[in-house]
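Here's the structure, in structure tokens; my notes come after.
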Amino acid sequence: MFTRREAAIRLDIPVEMAERHGIPAMIRDGELTAIEAEPPAWLLQSRADRRPGARPVWVRLECVVCGLEEWERPKKWWPELTMVLCDRHDPSEAPRPAAGTVRSEIDGIGGRFVGIVDSPA
């Protein structure tokens, strides 16, 4: 069984769209596989309407130290991240920045991550 959110991630659509089009709160793997195998018209249209290079619907955040992962909807204000760390780790535990770069930390990435941005000096 998958939650509606997990189904939305797998179908690469927003949760609101999944709800609007009748994806139940809990869905069986077979039902989800059937939707993927023969997508309904609304899902085909959603995929066709996506602009090349547009922000993705979901991004996978993975802690560079321990591998903890989370799927989140990217926010417009997120910069291009070099890496992310979960809240269990201090930013000093991240791999060292490359020579000639300046590192900055961005709080509030996903539910429990700190974003690291390495920019040219």
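The values are calculated or read from the model by the stated rules, or taken from the named source; none is laboratory data. Keep in mind the model is a prediction, meaning the values are calculated, not measured. As a convention, Cβ positions derive from the backbone with ideal geometry for all residues, glycine included, and neighbour counts pool all protein chains shown. Just the protein is used for accessible areas: all its heavy atoms, side chains included, with ligands, DNA and RNA removed. Shrake-Rupley method; radii C 1.70, N 1.55, O 1.52, S 1.80 Å.
A few notes on this one:
- Relative contact order of the chain, taken over Cα pairs closer than 8 Å and 6 or more residues apart, is 18 percent.
- R20, R73, R55, reordered so the largest accessible area comes first (probe 1.4 Å): R20, R55, R73
- Simple Cβ-charge dipole of the chain, Lys/Arg +1 and Asp/Glu -1, about Cα centre, in debye nearest 20: 340 debye
- Net charge of neighbours whose Cβ lies under 12 Å from the Cβ of D29, counting Lys and Arg as +1 and Asp and Glu as -1: -1
- Helical contribution to [θ] at 222 nm, DSSP H n ≥ 4, -39,500 (n - 2.57), averaged over the chain, rounded to 500: -7000 deg cm²/dmol
- For region 18-84, applying the loop criterion from DSSP together with a ceiling of 13 other beta carbons within 10 Å to the GluC sites (Glu not before Pro) yields E80.
- Among the chymotrypsin sites (Phe, Trp or Tyr not before Pro) within region 15-72, not one is in coil by DSSP while having at most 12 neighbouring Cβ atoms inside 10 Å.
- The residue list A8, L61, S46 was ranked by how far each Cα lies along the charge dipole of the chain toward its positive end, using unit charges on Cβ atoms, and S46 comes out on top.
- The chain - percent of accessible surface contributed by carbon and sulfur, probe 1.4 Å: 52 percent
- Region 29-90: C-alpha gyration tensor shape, a/c 1.5 cut-off, then a/b vs b/c: oblate
- Bridges between two residues of region 27-121, per DSSP, are antiparallel at a rate of about 95%.
- On a per residue basis, region 14-62 carries 68 Å² of accessible surface, using protein heavy atoms and a 1.4 Å probe.
- Net charge of the neighbourhood of S92, taken over other residues with C-beta under 12 Å away and scored Lys/Arg +1, Asp/Glu -1, is -1.
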